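Written below as structure tokens is the structure these notes are about.
Laboratory data are not the source of any read-out in this text; all were calculated from the coordinates shown. Keep in mind that what you see is a predicted model, and the values were worked out from it rather than measured. Cβ: placed from backbone, ideal geometry, glycine included. Neighbour counts: every protein chain shown.
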């Protein structure tokens, strides 16, 4: 009996430390998962895009003045800040996330397959006049070998994101100059995200990437090193209207499988 008590006395601190270390590691692993939008920003208003659409919303952008641009996969829409439709045009499937820059709207487009090995995609950036949505140009972006799905503009460069086959453990960001000459492929050590990255925005010195599945939002620094992950859904579009104001969109289908787009305005 005395030997048993001695053995328990010796082992108890070791057992306690083991469980303590495991708990600490678990907390450390999950600390990166945060609802950063919720604790940094407050939802103050919702904008609903006028009309119903046969396919879901892929992304949004704004001229940071009076216009919002919506990509509904096979339709492109310009509205005012209340969601009233000013222009609505049919486009090729699949128009993805988009961005505004100097009077033009740039959309990541894939006319082939997504999330497959190289050779099955057909990746482009289509360019439209921001006032009437007239098509102005098309740029081939063959580096997007899993399908071009999203685009953002920062510091004079375009950054294009896209699909990802199962089994991959990192995401890729493709950097281009203003004429879509390829510069560099950046790697995000994100682990596998379902169908890659859907939306992208550079805001307040950080990249915000919306994804399907979990995590739904990945934030990195300017060098694409992960800062945090979140289960807040930004996969249907995220764009900064101002330094303190974010537009984050959503898309929902009704009983007839027609889609409605909306934007939550979040203020810091």
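If I model a spin label at residue 80 and residue 155 as a point 7 Å from the Cα along the Cα→Cβ vector, what separation in nanometres do I get?
For residue 80 paired with residue 155, the spin-label model returns 3.8 nm.
Using helices alone, I'd like the mean residue ellipticity at 222 nm for the chain: each DSSP H run of four-plus residues gives -39500 (n - 2.57), total over residue count, nearest 500.
Rounded to the nearest 500, the figure is -4500 deg cm²/dmol.
With everything on Cα atoms, drop me the angle between helix 2-30 and the longest principal axis of the chain, reported from 0 to 90° to the nearest 10.
Computed tilt is about 10 degrees.
Can you sort 75, 50, 134 so the residue with the fewest Cβ neighbours within 10 Å comes first? Kindly include the intermediate steps, with their values, before the conclusion.
Details: 75 19, 50 15, 134 11.
Listing 75, 50, 134 from fewest to most nearby Cβ atoms yields 134, 50, 75.
Normalised by the number of residues in the chain, what is the relative contact order in percent for Cα pairs under 8 Å and 6+ residues apart?
Worked out over the chain, it gives 17 percent.
Test of understanding: ordering 153, 182 by Cβ neighbours within 10 Å, fewest first, what list do you get?
So the residues, fewest neighbours to most, are 182, 153.
Within 10 Å of each residue's Cβ, count the other Cβ atoms and sort 63, 97, 80 from fewest upward.
Ranked by crowding around the Cβ, least crowded first: 80, 63, 97.
Taking Cα centroids, how far is the stretch 214-268 from the stretch 91-128 in Å?
Between the Cα centre of the stretch 214-268 and that of the stretch 91-128, the gap is 19 Å.
What is the gain in length, in nm to one decimal, between residue 206 and residue 116 on full extension, counting 0.36 nm per residue of separation less the C-alpha to C-alpha distance?
Details: separation 90, 0.36 × 90 = 32.40 nm, distance 2.88 nm.
29.5 nm is the gain from fully extending residue 206 to residue 116.
Where a ≥ b ≥ c are the square roots of the eigenvalues of the C-alpha gyration tensor, would you call the chain rounded, which needs a/c under 1.5, or, failing that, prolate if a/b is larger than b/c, or oblate?
Note, shape of the chain comes out prolate.
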